[in-house]
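Student: To start, I am sharing the structure in question, which I have written as structure tokens.
The values are calculated or read from the model by the stated rules, or taken from the named source; none is laboratory data. These numbers come from a predicted model, not from an experiment. Cβ placement follows ideal geometry from the backbone for every residue including glycine, while neighbour counts extend to all protein chains displayed.
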Amino acid sequence: MEAAAKIILSKGRDEAVRRFHPWVFSGAISRAEGKPVDGDMVEVCDYQGNTLGYGHACSGSIAVKLFHFGETRPCDDFWYRKLSACLQLRKDVGFAGDLRSNAYRLVFSEGDGLPGLIIDYYNGVAVIQAHSTGMYLSRMHLAEALKRLYGSGLKAIYDKSAEALGKSGAHSEGDGFLYGEESVAEILENGHRFQIDFVNGQKTGFFLDQRDNRAMLGRFANGRKVLNAFCYTGGFSVYALAAGAAHVTSLDSSRKAMDTLEVNLRLNGLETERHESVVDDAKAYLTRMPEDFDLVILDPPAFAKRHADRHKALQGYRYINAAAMKKIKPGGFLFTFSCSQAMNREMFISMAMSAGMEAGRDVRIIHHLGHSADHPVSIFHPEGEYLKGLVLRVE
């Protein structure tokens, strides 16, 4: 693997890289030796010319995303070695090789030392989503590494990068299979069965980050009347019904997502009068819903994808949380989440406090929630912790 250029950092601007932070901002660069373009592999050096690592050149304020630290240049076997290390971690934490689960996130971007790359594994299907041009241009090398890693157990590899990168320039080919052809996967998660439409579904097809939180919900759902708002394909609904919920209402604005939810209920033998599907705007429903739910789940899409949108997002989160708190039965529970990376945990807790005050309810934190262990966060890159969740007792 040859570097297209050298990036020389300004004097005293190498500390973050030496602490294994994977981002090099444009303001930290003294000069470039060569003319790298978006996606090129570059060598990053300190002011004296000592090699600090290698990464992909990016356009924007983040000029380089490092995927390898140290003086040694990445070898031809690099991608296979990196993916092997990712798989080993999933085995070590019990996510790969689990007889009751056969889906997990294999690569979580900066958390696995591969900024700009997501790979989800769904029972023999690997879905790649590149969030940088460099990773997109490396997709065929990644596909070869995946085939070597999984062998005959790999049925298909699907590239789903267009959602993140658009369909212009280097990404003009759009999404498609890099290997095999398997349009729908069926997975097991903690013994529950789910159909995954990775071609047409949101993100890579399923929200694997909520795996542990869905299991947590099962401990609360027995005998309770549950509302699963922003339910998508019904992950929380399946867990609640399987755990013995008295009744579950699944709410989402997407008819297509609700159709998949119905498939998932059938797969688990949960077609029952204890479940109701509602296709509606969640905000509107929350304001007029009956005051008889014992447990409400709020797992909305990201309200803020940029720091500039944070204030508006906080208002949106407070609105839906206050609306839910007003209607939950005294002694009930609220599972509330934010996947907005621009909002940190402290802001999220502060929002919940404001919502409780607006609702006029006494609210206590029972659990702090986050993404599951197949979404590791580098201690040197805390920005990787995007999913915040709380289990709240509402009196």
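Student: For the structure I just gave you, tell me whether A162 is hydrophobic (A, V, I, L, M, F, W, C), modelled with pLDDT of 95 or more and not assigned by the TED database to the domain that holds D212.
Tutor: no
Student: Give the residue that is farthest from E2 (Cα to Cα), with candidates limited to residues of the range 33-72 that are in contact (Cβ under 8 Å) with a residue 60 or more places away in the chain and acidic (D, E).
Tutor: That would be D38.
Student: I would also like to ask the following. What pairs can you find where one residue is in the range 373-395 and touching a residue at least 24 places away in the same chain (Cβ under 8 Å), the other is in a loop (DSSP other than H, G, I, E, B) and of a type in the set (D, E), and their Cβ atoms are less than 8 Å apart, with a gap of 6+ or different chains?
Tutor: Close Cβ pairs (under 8 Å, with a partner that is in a loop (DSSP other than H, G, I, E, B) and of a type in the set (D, E)) amount to V377/E385; V394/D362; E395/D362.
Student: Inspect all residues belonging to the range 198-215 and state whether any of them is of a type outside the set (A, V, I, L, M), over 18 Å from the mean Cα position of the chain (by Cα) and within 30 Å of I366 (Cβ to Cβ).
Tutor: Checked the range 198-215: no residue is of a type outside the set (A, V, I, L, M), over 18 Å from the mean Cα position of the chain (by Cα) and within 30 Å of I366 (Cβ to Cβ).
Student: Among the strands (runs of 3 or more DSSP E) lying completely within the range 1-53, list those that include at least 1 residues that are closer than 25 Å to G111 by Cβ and in contact with an Asp or Glu (Cβ under 6 Å, 6 or more places away or on another chain).
Tutor: 5-9
Student: Test of understanding: among L178, L154, which residue is hydrophobic (A, V, I, L, M, F, W, C), within 16 Å of N102 (Cβ to Cβ) and surrounded by 15 or more Cβ atoms within 10 Å (Cβ to Cβ)?
Tutor: L154
Student: Okay, next question. Taking the stated definitions as given, is F67 in a loop (DSSP other than H, G, I, E, B) and either within 13 Å of P115 (Cβ to Cβ) or assigned by the TED database to the domain that holds L114 (or both)?
Tutor: It is false that F67 is in a loop (DSSP other than H, G, I, E, B) and either within 13 Å of P115 (Cβ to Cβ) or assigned by the TED database to the domain that holds L114 (or both).
Student: Something else about it: If you go through the range 275-308 one residue at a time, how many are of a type in the set (A, V, I, L, M, F, W, C) and free of Cβ contacts under 8 Å to residues at least 60 places away in the same chain?
Tutor: The number of residues fulfilling the criteria is 9.
Student: Looking only at the range 246-276, how many residues end up being within 20 Å of T336 (Cα to Cα) and in a strand (DSSP E or B)?
Tutor: 6
Student: Hey, another quick one. Among the numbered criteria (1) closer than 21 Å to G55 by Cβ; (2) not in a helix (DSSP H, G or I), which single criterion is violated by R105?
Tutor: The one condition R105 does not meet is (1).
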